[in-house]
Amino acid sequence: MTAPTTPPHAPDAPITRPRAQVHFGVFFQGVNHTTIWSDPESGSQTDFASFERVVRTAERGLFDAFFLGEGLRLRETRGRIHDLDVVGRPDAITQLAALAAITERIGLVATQNTTYHDPADLARRLASLDVLSGGRAAWNVVTTDNAWTGENFRRGGYLDHADRYERAAAVLAVARGVWDAFPDATGGAGEGTVARVTVPGTDLRTPRDLVLDATTPRSPQGHPVIFQAGDSPQGRDFAAAHADVIFSRHGAVLADALGFAADVRRRVVAAGRPEDDVKIFPGTAIVVGDTPAEAEEKARWVRRAQVTPATALSIVGNIWGEDLSSYDPDGPLPAHDPVVAELGGERGSATTGARTHEIARQWRAVAEAENLSIRELVVRNAGERGFTGTPEAVADELTRWVRTGAVDGFNLSPWIVPSGLDDVVDRVVPALQERGAYPAAYEGGTLREHLGLRAPLTRRARDRSGVLDADSEPTPVPVP
Ligand SMILES: Cc1cc2nc3c(=O)[nH]c(=O)nc-3n(C[C@H](O)[C@H](O)[C@H](O)COP(=O)(O)O)c2cc1C
C-alpha cells in the first residue's frame, strides 16, 4: 500500500474514466514568489539557459506543453511597483520561438491578452509561431485583470470586466479570420483558393470591416490551440464557447475540481459542443521525498521559503485593500474588514474583488480555529495547493484525479528554476508509466495531437457542415 499524499484530496469519487492518462504541462512562473529565486540553486528568470533547461527536462518527461504568462507592465500594489516581484519577463512569443528551435515535440503556449493587443497583428504572430514550430503553438487567452496596463495601451483605455469578454470573443473571431483566410489544404476548386476574409472589426468608435489576408500558411495542426484562463462565469462561458483547454485555478481539492469540471461541462454542452471538447488543466505543484515524512518536511520548507514575512503581509494586504507592512507577520490578521473601495480599478478581477469580505471571513475563521499568525495562515493556504508524498503516492493521486474526470492534466509550476522539474520527470513520470497512466512516448507531432483534440474546423468547413459557428459573427464592442 502506498502512503497517502497530504493534504488528503479525500472524497470517494467514482472512477468514470478507468483508462484515462495523466497529461502534464509546465508553467514557467515569471516574476512572483512561487519560484524561490533567493535559493542559491535558482538560476536567472531571464537567462535563456533557464528556459532551455526546463523545456528540455519537460520534453524528456513527454510533457504536452511549456507555458509562459504575460505581463505588459510591472505589477503594482496600491499605485506603487510591487517590489516583492522579480523584475524581468521576456515577451512570450519571442521566447517560445527561440525554444521551438531547440525542441521537437513539446507544445509552446503563449499567454496573450485580448484587451490590449491588436487582434490582426497578434493572430499573425501566433500563426507564425505555429508554422515555425511545426504545429506546436497555443494561445492562452486572458483578458488581464488590472487597470495599470491600460494606461500604456488602447490610448489609456481600460475596459470594465463586463466588456472584456465581449471584446475577447470579437478578438478571437478576427484571429480565426486571419487563420481561415489561408486556403484549405483539402478545399475544392474555388474554396481552396480563398485568401482574403472580411470580418467586422472590434472597435465601435470607428466601425469598419477588417480585410484579413492569408499572409501566414496553415500549420500541421491547422491553427494554434486555444487555452483560456479566467474563472468568472463570463470567463467560463467564453471557454465553453471558444477554448480547447482551460488553465484553471481548481487544482487543490478534488471535490472542488469535480464541481468545476461539472460546471464547465454544462456550459460546453449549452454552447453546442460535446461535453469533453474542452480539456481541464489546473495549475499545481509537486513535492516528492523518499518517505512521506521527508516529503512533508521538504514541502514545509518550500512553503516557508515562498512565503517570506513581507510576502505574507503583501498577500493579506491585497485582500484587505490596504498597506499592512507595519503589521507583525507573526501576529494575528487585522481585526477590521477589508477596504472594498480601493480594489476596483487596480484589480479588475470581478470575482476576487467582490469576494474580499467572504475571503477575509474564511481566513479569520481558519486562523482562529488553528491559532495561526498572518504568515502561518498564508503558508497554510499555500500548502493546500499541490501534491506532496512519495513518487508512488503522488502518481496514485494524480491518476485518481484524472480518472474521476475532475481534470485532464496538470500545469506544474516548479518551485525552483531550473531544476524544479527533475524529480517529477525522473521519479513521478516512471511511477505513472508503471501504472499505465502515462504515455511511453510522444505519439503525435502537434500539440493538438498530444491533447487529443479534434482538428479545427475552418470557416468554410463549418459553413459546409452546418456546425454551430460561435465565431463567425463577431460583435463589435464599445471602447470607453
Ligand atoms: C491560471 C490563470 C493564469 C493567468 N495568467 C495570466 C497572465 O499570465 N497574464 C495576465 O494578464 N492575466 C493572467 N490571468 C488573469 C486573467 O487575465 C483574467 O483577467 C483574470 O483571471 C480575471 O478574469 P476572470 O474575472 O474571468 O477570472 C490568469 C488567470 C488564471 C486563472
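Here the Debye sum runs over all C-alpha atoms of the stretch 194-298 as equal scatterers in vacuum, and log10 of I(q)/I(0) at q = 0.14 Å⁻¹ comes out as -0.78.
Assuming R0 = 35 Å, can you tell me the calculated FRET efficiency for the pair Glu370 and Asp337, based on Cβ-Cβ distance, to the nearest 0.05?
That gives a FRET efficiency of 0.95.
Determine the calculated [θ] at 222 nm for the chain from helices alone, applying -39500 (n - 2.57) to every DSSP H run no shorter than 4 residues and normalising by the residue count; nearest 500 deg cm²/dmol. It comes out at -11000 deg cm²/dmol, rounded to the nearest 500. With both labels modelled 7 Å from their Cα along Cα-to-Cβ, the Val269 to Asp422 distance reads 4.8 nm. If you take every DSSP beta bridge fully contained in the chain, what fraction is antiparallel? Give it as a percent rounded to 5. Just about 25 percent of them are antiparallel. Reported to the nearest whole Å, the Cα centre-to-centre distance from the stretch 388-451 to the stretch 118-171 is 30.
On full extension, the segment bounded by Ser44 and Thr94 gains 16.3 nm, given 0.36 nm per residue less the C-alpha separation.
How big is D, in µm² s⁻¹, for the chain by Stokes-Einstein at 25 °C and 0.890 mPa s if Rh is the Kirkwood radius over C-alpha pairs? Answer from the Stokes-Einstein relation: 105 µm²/s.
Placing dummy labels 7 Å off each Cα toward the beta-carbon, the span from Ala262 to Leu132 is 4.6 nm.
The numbers here are math on the coordinates, done by the rules we state, and not lab data. In this text, all values refer to a predicted model and were calculated from it rather than measured experimentally. FYI the Cβ positions are ideal-geometry reconstructions off the backbone, even for glycines, and counts take in every protein chain you see.
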